[in-house]
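Right, one structure below, let's go through it.
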Amino acid sequence: MLAAIKRPGWTRGALGALAFAAFGFGLVISLRAISGLPLYQTEQTGYPHVIVPLILAPLGFLAGFGCFDYWLRWAAGAPTIPDDHSQHGAKTWKDYFRFNTDHKVIGIQYICTTFFFFFVGGLMAMLIRAELAQPGTQIVDAATYNSLFSTHAVLMIFVFVIPVFAGIANYVLPLMIGAPDMAFPRLNALSFWMLPLAGILFIGSFLAPGGAFDAGWTGYAPLSTGAPLGQSFFNLGVQFAGASSILTALNFLVTIITMRAPGMTFWRMPLLVWANLSTSLLVVAATPFIAGAQFMVLLDRLLHTNFFQFAAGGDVVSYQHIFWFYSHPAVYIMMLPGFGIVSEVISTHARKPIFGYRLMALALLGIVVLSYSVWAHHMFVSGMFSWLRVPMMLTTLLIAVPTGIKIFSWLGTLYFGKIHTYSTSMLFALAFIVTFTIGGISGVMLGMVPIDIHVTDTYFIVAHIHFVLFGGSVFTIFAGIYHWFPKMTGRMYDEKLGRVHFWGTLIGTWGTFVPMHWIGMDGMPRRVADYASQFGNWNLLISCFAFMLGAVQLIFLYNMIVSWRFGPRAPANPWRANSIEWQVSSPPPIFNFDEIPRVVGGPYEFGVPGARHAIMAGEGAEVPATEPSVVGSP
Amino acid sequence: MESATVALGHHAEEHHGPPEANQSSRIDKQTLGILLFIVSEVMLFGAFFASYFFLRVVVSPAAWPPHPYELPVPVAGVNTAILVSSSFTVHYALESIRRGNREGMKLGLLLTWMLGATFLFIQINEYVHLGFSARDLSFGSIFYCLTGLHGAHVFVGLMLLSFATIRAFRGHFGPKAEDHLGVEVPGIYWHFVDVMWIIVYVTVYIL
């Protein structure tokens, strides 16, 4: 037992969480006692004796779990010990449940954790649809309904879509650029372990008095500043999820810039790498804004500051400005990595070079720059400065141009390609192009001020966001999971079940979200548990499709779990792709490479005679490296 | 594909280290990492500055600072000078170790640490004597948040400098570039903290 307490791991992590929580609780109580205040402050926005332990307990867990051991040793001035790689790689399934610095293990950890939250959030969507199947209140009351749609959105956004992309890239990206690991492996592990803590805070808010947070995922002030205790769980959870994604993005940027294989210039990087470079730029520079906004709400709630209190000189609309200055770039954080995945899948399965490769990369950077200039199109009806409306409308329409470039480039890649659809990943990629285009067009519609004012807070918005986030992001996530499943697990998945999953998901998505456009145009408001009976039939239809959509995800789960355990062995390169991760075994060796490969050409030279992307160690020694091993810093 | 199967056979049970990564940029990982982290920090300050200008310019109260409140501009000015001078001492520490002068590095780090701690002490002293709290109007909220956020960064910077100082006194750094990253990286962060204070001071106290 004593040994278990000394060794980093779950026991020490749990003890650390308990100890830090007890310390925080004692600190609050004793400070209040000294100040002559009542020991417990339980008006609904207060609860400092809950909030402070909630901040400290996750830190205590991370410390106990071993996330800081190396750094603390360094900080104390102890001599550094050479890395014995005992925290690197997984030999048994148990190694996935400890502090592990291997990017491949962390990738799997990310993907499994985020899909757990995907299914929890999906279950909430099923409850929402069950309640909405009929007008009136049947299953949950209005307050619980508010908590359900808020938690559904927050789980899907902060602990599914954003981090699952980080997970896929964590696994694939270092292999793709010929790096033995990420630039900062320990920071990488820390970033991962903050993520489940954020998810636990979000779900744990259901236990708070007054129920889970219910101000929507946007948490607008002053709705959030006066909401029950659960809202503080949201404020804190966002901090952990945000810190996790900032540190991961920083790690990606440093890895991409400093650790590319010799010969891999920026214009030879696969588009997935470009996509993650762009996304990481967005995360590093935008995410602090949501951290700031949630800090202000938390301070208003807990310390009674006046950021959003009108009577004391506060500005309510400033919350929306600061929030959307993050959250509009955030929709591209949730989309750009998917663009990268789709580019890989389409080029590989159409057996053609990417059409307009450089323009594809530049379009990504164009989206990054433009995405900072469109935030107020979420606020046309908020009472903000009216002069800001038209400029925001114009930039919103402008950002459709680089996005359109990408769509046309994928079509150009497919044009006259040898399109193979034997992989479910290609089916999802093709369906993504169609579905995302529809969602993109409704986005352009929403960018127009008059249309936006007409459909604000209706189901048209719900339809648009699910077309781009489910039909867009989630389709690309499925495409990526199917594409790299053989590489990650060393097994092939069941293609028949994959097809059933694909068609069920496609029909379910369209059946669920297409009718929402119409009832939204007719004025059915979003975020309400009950609605006018004239929308009853449409909602029943939507709910039926939604249940089907939910059910086929279980097929996906079954396929993944059973194939991982019992599937046929995967060859190193089942899709005949060019990029480096396919040139190593499936799953890759523990340290990725014997020697770092040399890159001698572009990643998509399909059908070009004699073209090579990379030369692996031990082959082709006669081919001279054409590039110097050090290229200029960007 | 052939190489892949070969690689698998080699690696299945062996436990040697990873291959040396290719260095594809002139900038090293740690320096680039701290620069990107600073970009992130600047944006965090940006969120609070955005709030500051909304509360001051958009809401536009009759007087800023609101009537009975006053900010001790000269005291904070002296404090600014203290913090800015610490940027020079930390630079002196870095230049010293570059030339192999360990004693100069120790002196520079110690001086920086003491100047930073003095800044923090004067700042806390100012809070005690201001006569308004974070609950007093939006002015109080944003004043304490901006200066407090900066104070927290000074505290973090002091922690990093402590680590560097401890290691400096244990003789851990050397004149080669990769041997004194432990001084250089906290130094970059400290310069950021200083520059950010100048912006905070000009915005909150002078403008």
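The values are calculated or read from the model by the stated rules, or taken from the named source; none is laboratory data. What you see is a predicted model; the values in this text were computed from it and never measured. Don't worry about glycine lacking a Cβ; one is built from the backbone with ideal geometry, like all the others, and counts go over all protein chains shown.
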Check: When the range A:292-324 is examined, which residues are found to be facing chain B (nearest Cβ under 9 Å), out of contact with any Phe, Trp or Tyr (no Cβ under 8 Å at 6 or more places or on another chain) and among the small types (G, A, S)?
Finding: A:A312
Check: In the range A:201-214, which residue that is assigned to a helix (DSSP H, G or I) and in contact (Cβ under 8 Å) with a residue 12 or more places away in the chain is farthest from the chain's Cα centre (by Cα)?
Finding: A:F206
Item checked: Exclusive hit being more than 21 Å from the chain's Cα centre (by Cα) and more than 20 Å from B:G116 (Cα to Cα), set B:H172, B:H180 -> B:H172
Next item on the list: Collect the residues in the range A:256-276 that are over 20 Å from A:G366 (Cα atoms) and either at the interface with another protein chain (Cβ under 8 Å from one of its Cβ atoms) or modelled with pLDDT of 95 or more (or both), keeping them in residue-number order.
Entry: A:T258, A:M259, A:R260, A:A261, A:P262, A:M264
Next item on the list: All but one of (1) hydrophobic (A, V, I, L, M, F, W, C); (2) assigned to a loop (DSSP other than H, G, I, E, B); (3) within 30 Å of the chain's Cα centre (by Cα) hold for A:A617, so report the exception by its number.
Entry: (3)
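The rows are residues; the columns are (1) modelled with pLDDT of 90 or more; (2) among the polar types (S, T, N, Q); (3) loosely packed, with under 15 Cβ neighbours inside 10 Å.
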| residue | (1), (2), (3) |
| --- | --- |
| A:S347 | yes, yes, no |
| A:Y357 | yes, no, no |
| A:V369 | yes, no, yes |
| A:W375 | yes, no, no |
| A:V381 | yes, no, yes |
| A:L388 | yes, no, no |
| A:I407 | yes, no, no |
| A:T413 | yes, yes, no |
| A:Y422 | no, no, yes |
Next item on the list: Would you point out the residue of the range A:191-232, among those that are within 14 Å of another protein chain (Cβ to nearest Cβ) and crowded, with 21+ Cβ neighbours inside 10 Å, that is modelled with the lowest pLDDT?
Entry: A:A221
Checklist line | All helices (runs of 4 or more DSSP H) inside the range A:257-361 with 1 or more residues being under 22 Å from B:V57 (Cα atoms) | finding: A:271-302, A:316-333
Check: Within the range A:75-100, how many residues turn out to be in a helix (DSSP H, G or I) and not aromatic (F, W, Y)?
Finding: 3
Check: What is the one condition in (1) closer than 21 Å to A:P486 by Cα; (2) more than 7 Å from every other protein chain (Cβ to nearest Cβ); (3) in contact with a His (Cβ under 7 Å, 6 or more places away or on another chain) that A:P588 does not satisfy?
Finding: (3)
Next item on the list: Please specify each residue of the range A:4-19 satisfying the condition of being surrounded by fewer than 18 Cβ atoms within 10 Å (Cβ to Cβ) and either polar (S, T, N, Q) or not in a loop (DSSP other than H, G, I, E, B) (or both).
Entry: A:A4, A:I5, A:K6, A:W10, A:T11, A:A14, A:L15, A:L18, A:A19
Next item on the list: Any residue in the range A:19-44 that's closer than 27 Å to A:T225 by Cβ: show its pairings with residues that are part of a loop (DSSP other than H, G, I, E, B) and among the aliphatic types (A, V, I, L, M) at Cβ separation under 9 Å, as long as the two are six or more apart or on different chains.
Entry: A:V28/A:L39; A:I29/A:L39; A:L31/A:L37; A:R32/A:L39; A:T42/A:L229; A:Q44/A:A227; A:Q44/A:L229
Notebook entry, point to check: Is it the case that the range A:39-46 has a residue that's surrounded by fewer than 13 Cβ atoms within 10 Å (Cβ to Cβ), in contact with a helix residue (DSSP H, G or I) (Cβ under 7 Å, 6 or more places away or on another chain) and farther than 21 Å from A:L197 by Cα?
Noted result: yes
Check: Which members of the range A:16-68 meet the condition of being over 30 Å from the mean Cα position of the chain (by Cα) and of a type in the set (A, V, I, L, M)?
Finding: A:A19, A:A22, A:L27, A:V28, A:I29, A:L31, A:A33, A:I34, A:L37, A:L39
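State whether the residues of the range A:535-558 include one that is in contact with a Pro (Cβ under 7 Å, 6 or more places away or on another chain), of a type outside the set (F, W, Y) and assigned to a strand (DSSP E or B).
Checking the range A:535-558: not a single residue is in contact with a Pro (Cβ under 7 Å, 6 or more places away or on another chain), of a type outside the set (F, W, Y) and assigned to a strand (DSSP E or B).
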Checklist line | Complete set of residues in the range A:7-19 that are under 8 Å from A:F61 (Cβ atoms) and in contact with a Gly (Cβ under 6 Å, 6 or more places away or on another chain) | finding: A:G13, A:G16, A:A17
Next item on the list: Could you grab me the full set of residues in the range A:486-499 that are more than 12 Å from A:Y558 (Cα to Cα), hydrophobic (A, V, I, L, M, F, W, C) and either touching a strand residue (DSSP E or B) at 6+ places or on another chain (Cβ under 6 Å) or not in a loop (DSSP other than H, G, I, E, B) (or both)?
Entry: A:M488
Note to self: I need the full set of residues from the range A:20-49 which are of a type in the set (F, W, Y), touching a Phe, Trp or Tyr at 6+ places or on another chain (Cβ under 9 Å) and either under 30 Å from A:D95 (Cα atoms) or part of a helix (DSSP H, G or I) (or both), in order please.
What the structure shows: A:F20
Next item on the list: From (1) surrounded by 20 or more Cβ atoms within 10 Å (Cβ to Cβ); (2) of a type outside the set (G, A, S); (3) within 12 Å of another protein chain (Cβ to nearest Cβ), pick out the condition that doesn't hold for A:P571.
Entry: (1)
